[in-house]
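Student: Sharing a structure below in C-alpha cells format, with a few things to ask.
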Amino acid sequence: MKEEKQLLAPGHRMCAGCGVALSARLCLEAAGEKTIVVVPTGCMEVTTSQYPETAWRVPFIHVAFENAAAAASGVDAALKMMGKREGVNIVAMGGDGGTFDIGLQALSGMFERGHRVTYVCNDNEAYMNTGIQRSSATPYAAWTTTSPPGKKSIGEFREKKPIGYIAAAHGIPYVATATIAYFADYQKKVKKALSADGPAFIHVLTPCPVGWRFPPDRTVEVSRLAVQTGVFPLWEVRDGDIENLRITVKPPERKPVEEYLAVQGRFSHLFKPEKQQDVIDRIQKMVDEKCERYGI
Amino acid sequence: MAKMILEGNQALAVGAKLCRPKVIASYPITPSTHIPEMLSEFVANGELDADFINVESEHSAISACIGAQATGVRTFTATASQGLALMHEILYVASGMRLPIVMGVANRSLSAPINIWCDHSDTMAERDSGWMQFYSENNQEALDLVIQAYRIAEDERVLLPAMVTIDAYTLTHTFEPVDVPSQKEVDEFLPPYKPVYAILDPERPITQGSFGTPEYFMEFKYSQQKAMERAKEVIDEVFREFEEKFGRKYGKIEPYRTEGADVILVTLGSMSGTGKEVVDQLREEGAKVGLIKVTVFRPFPAEELREAVRRAKVVAVIDRDISLGFSGAVFANVSASLINEEKRPLLANFIVGLGGRDVRPEDFREIVDKSFRILEAGRVEKPVEWINVSGEVP
Ligand SMILES: Cc1ncc(C[n+]2csc(CCOP(=O)(O)OP(=O)(O)O)c2C)c(N)n1
Ligand SMILES: [Mg+2]
C-alpha cells in the first residue's frame, strides 16, 4: 500500500497489531475514495477521529453506538434525493458490540428497508473499547472481563451468535464472512458487496492482540489459524440462499482447534494449571459439526 | 393563502410539507401518528418530493435524520412522549453536531403509568438537549412555527435543531380553521436548504462526529450556548419578517392584558387559550390579572420575561410538567430569570393537567384566588402547589 493512497491515514491511535485497523484499510482500499464511511462508537471511532485531527481521507460520520445502520440509511436517502447516489459507496463499519448486540435492531431495519449500504462488522469478539467485556460474538470458553473463568465458570458459556445467518435471513443481496489474513478474498467480497443492488453485510474476524492476549506481530497468523482450523469459515451467500452458501477459501487440511486456542491468552485457562481436555474436545466437536455442514 | 380545517397534527404536517424536507424519518406513536401518516401520503401521491424512511424506532428516526442532514438535505421527523424519550441520547448528538433538524412533537406524558394524554413532561425532559423549543397555542401557530423554526434553525448564526410542539388531543386531534400559505409564499420566505458546514461529500472529505477530549469539549458546548444566545436575536428577526409577509405576529413571549396587572399567570401551549378567557372574565370583574404565554422555551427569553413582569406583585407559573423532587420546569426558569432583580414579584408554582387531566377555567380561577391571597399575605407559604389533585394519594 502506497502511503498517499491510504484512505485511512497512518498516525491514528489504534494499537499495534490491531485487526480492525487492518480490516478498515483493506476495505477502503477495495472501496476507493468515492466512499462515505459511517462508524459507530467503539475502538475505531475513538482512535481515528480525535478532534481536531482525523485519520480519514474520505467523508466520515460517527453518531453513536447503536445506530450506524440508521445513520447510514439517512445518508443513502439524502444522496438519492440530491441526485448524487450513483458512483458513491456507503460503508458502515461497526464492531461486534455495535452490530451483534446494541445495534442489531437498527441493522435489521436497514436490511429490511433495502438501503444500498455495505455494512462491515469488524468482529474482535468483545467490547474492546470499554476494556474487553463479552459480547454475543465472544466465543465459547473465552475469557473476558465479564466472562471470567472461575470455580463455577469456564469463561464465556454460550456459543457465538450466528450473525451472518441472521443477516442472510433478511434475504439481502449479499452476505459474506472474511478475515484479514485472506485479504484478496476479503477485498473481492467488498467489491461484490458494493456492487450489490441493496444492503450487503460482511462479517470480518479481526483479532485483537490486547483482548485476545497474543503478541501484536501475530495478528495475521491468528486470523489465518481461525480459517485453517475451521473456527471461522469463509463463505458468501446471495439473496439469503443459505442452502447454496459458497465456501470461498477451503483450508487444504483442517488443523486442530487446539492450535488456535493455544496461541491466545484468553483461552489459557484451558491449558493451565491443568489442561482441560474435555473443554477443548467440546470446542473441536462444535467446529467439526459446523465444518461438516460446509464440507470442509 | 387558503383557509383549511386542520387538526394540529395535520397543521404540523402541512407546515412541514411547505418547507420541502428531502428526507423524513418517523415512527408512529399516539398522538402524533397522523403526522407521519399524512407526510407519507404527500410523498406517495407526489405532492412532496422527499424520501420517507419507515424506520424501526424513534432512535433510528432521529439517527437517520442526522445521517441525511449531515449529507446535505433538509429533514423532518415527528414523535411524542416515549418516542422522544427514546431519542434522548441522539438529541444531544444532533445539536452537538449543529444540524438544524426540525421535529414536531405532540406533548404527551411519560410512563408509568402509561398514558397517552397531554402534559409537557416529554419536551421538558429534553430542555437541556440543545434543541430550541417552540410551544404552540393553537393549530395556526403549529403551522407557522414549523416554517419559522426552519428559518431560525438554518440561520448561519444559529445552526441548532428545533422542536415545535402541540398539546396532545387538545391540538393534535382538534380541528380548527388554519390559514395555509401558498407554496410560493413559503418558498420566498424559506430558501432551499444550503448546508453551511456539514456535508458528506467524497469530493471534499470531512469528519463529522469527532471524539472531543477535555481540551476541546467545553468549547464545543460554549459555542452551542453562544448559538442559543444568538438565536434569541434571530428569532426576533424571523418573527418580524414573518409578520410582514404573512400578517401574523409572534413573540418569544406573548403578554396578554398585563398592563397594570398585580397578578400575572405564566402558561405554555394550549392552556393559554383557556387562561386568556379567564383573564378576560376576571378583568370584567375588576381583578387586575394578566397572562404571559411562553412560546419559545429554549432559548429561554429571560430578558423579555423580566421586562414583562416588572410591575407585577405576584407571578403564578403554571406548569404542565413536574420535575419530581422539586418544582415545575417553567417555574425554575422563570424564578432564576428574576433572581437578581432588586424588586421582584412573589413567585408561586402551580402544577396542573398532568397526563391529560383537563385544565379548566375553574382551575385558573383557583390559581388566581390563591395568587391574590399570596399578594395580601405578602409571602408565599407553599411555593409549589398541585391543582385539581386528590389529596388522598396512596
Ligand atoms: C448506549 C451506549 N452504551 C454503552 C456505550 C459504551 N461503549 C462504547 S464503545 C463500547 C464497546 C464497543 O464494542 P464493539 O462494538 O465490539 O467495538 P470495539 O471497540 O470492540 O471495536 C461500549 C460498550 C456507549 N457509548 N453507548
Ligand atoms: Mg468488539
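Student: Can you confirm whether B:E229 is in the same structural domain as B:V178 (by TED's automatic domain parsing) and free of Cβ contacts under 8 Å to residues at least 40 places away in the same chain?
Tutor: So B:E229 fails the test.
Student: Do you know which residues across region A:86-98 are more than 9 Å from ligand 2 (Cβ to nearest atom) and not in a strand (DSSP E or B)?
Tutor: If the condition is that a residue be more than 9 Å from ligand 2 (Cβ to nearest atom) and not in a strand (DSSP E or B), then A:E86, A:G87, A:V88 are the ones that fit.
Residue by residue, here is whether (1) within 14 Å of another protein chain (Cβ to nearest Cβ); (2) exposed (fewer than 13 other Cβ atoms within 10 Å of the Cβ); (3) in contact (Cβ under 8 Å) with a residue 12 or more places away in the chain holds:
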{"site": "B:Y193", "(1), (2), (3)": "yes, no, yes"}
{"site": "B:Y197", "(1), (2), (3)": "yes, yes, yes"}
{"site": "B:Q208", "(1), (2), (3)": "yes, no, yes"}
{"site": "B:Q224", "(1), (2), (3)": "no, no, yes"}
{"site": "B:D236", "(1), (2), (3)": "no, no, yes"}
{"site": "B:F239", "(1), (2), (3)": "no, no, yes"}
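Student: Return the residues of region B:71-85 that are within 16 Å of B:A162 (Cα to Cα) and either facing another protein chain (nearest Cβ under 8 Å) or of a type in the set (S, T, Y) (or both); say none if nothing qualifies.
Tutor: Answer for region B:71-85, where residues must be within 16 Å of B:A162 (Cα to Cα) and either facing another protein chain (nearest Cβ under 8 Å) or of a type in the set (S, T, Y) (or both): B:V73, B:T75, B:T77, B:T79.
Student: When you go through A:S23, A:S73 one by one, which is the residue that is part of a helix (DSSP H, G or I), within 12 Å of chain B (Cβ to nearest Cβ) and either touching a residue at least 40 places away in the same chain (Cβ under 8 Å) or crowded, with 19+ Cβ neighbours inside 10 Å (or both)?
Tutor: Only one candidate passes the filter, namely A:S73.
Student: Identify the single condition in (1) in a loop (DSSP other than H, G, I, E, B); (2) surrounded by fewer than 24 Cβ atoms within 10 Å (Cβ to Cβ); (3) within 14 Å of another protein chain (Cβ to nearest Cβ) that A:E66 does not satisfy, given that it satisfies every other one.
Tutor: (2)
Student: Looking only at region A:108-132, count every residue that is open to solvent by less than 40 Å² (accessible area, probe 1.4 Å) and within 10 Å of ligand 2 (Cβ to nearest atom) and tell me the total.
Tutor: Residues meeting the conditions: 8.
Student: What strands (runs of 3 or more DSSP E) completely inside region B:1-92 contain at least 1 residues that are over 21 Å from the mean Cα position of the chain (by Cα) and crowded, with 24+ Cβ neighbours inside 10 Å?
Tutor: Passing ranges, in order: B:23-25, B:51-53.
Student: Output the number of residues of region B:335-386 satisfying the condition of being of a type in the set (D, E) and under 22 Å from B:P301 (Cα atoms).
Tutor: 2
Student: Hey, another quick one. Take region A:197-223 and flag every residue that is touching a Lys or Arg at 6+ places or on another chain (Cβ under 8 Å), open to solvent by less than 10 Å² (accessible area, probe 1.4 Å) and away from ligand 1 (no atom under 15 Å from the Cβ).
Tutor: Residues satisfying the conditions are A:G198, A:P199, A:A200, A:I202.
Student: In this structure, is A:Q105 away from ligand 2 (no atom under 16 Å from the Cβ) and of a type outside the set (V, I, T)?
Tutor: It is true that A:Q105 is away from ligand 2 (no atom under 16 Å from the Cβ) and of a type outside the set (V, I, T).
Student: What tally of residues in region B:46-70 results from selecting those that are free of Cβ contacts under 8 Å to residues at least 24 places away in the same chain and away from chain A (no Cβ under 11 Å)?
Tutor: 1
Student: Further question on the same structure: Does B:S111 qualify as being open to solvent by 10 Å² or more (accessible area, probe 1.4 Å) and among the small types (G, A, S)?
Tutor: yes
Student: Suppose we keep only residues that are within 9 Å of chain B (Cβ to nearest Cβ) and open to solvent by 10 Å² or more (accessible area, probe 1.4 Å) within region A:42-54. Which one would you say is farthest from ligand 1 (Cβ to nearest atom)?
Tutor: The first filter runs over region A:42-54 and keeps only residues within 9 Å of chain B (Cβ to nearest Cβ), leaving A:45-54.
Those left that are additionally open to solvent by 10 Å² or more (accessible area, probe 1.4 Å): A:46-47, A:50-54.
Details: A:V46: 8, A:T47: 9, A:Q50: 15, A:Y51: 17, A:P52: 21, A:E53: 19, A:T54: 18 Å.
Looking at residues that are within 9 Å of chain B (Cβ to nearest Cβ) and open to solvent by 10 Å² or more (accessible area, probe 1.4 Å), I get A:P52.
The values are calculated or read from the model by the stated rules, or taken from the named source; none is laboratory data. Worth saying up front: this structure is predicted, and the values here are computed from it rather than measured. Glycine gets a Cβ as well: all are built from the backbone with ideal geometry, and neighbour counts include every protein chain shown. Quick note on the areas: whole protein, heavy atoms, side chains included, nothing else; ligands and nucleic acids left out. Shrake-Rupley method; radii C 1.70, N 1.55, O 1.52, S 1.80 Å.
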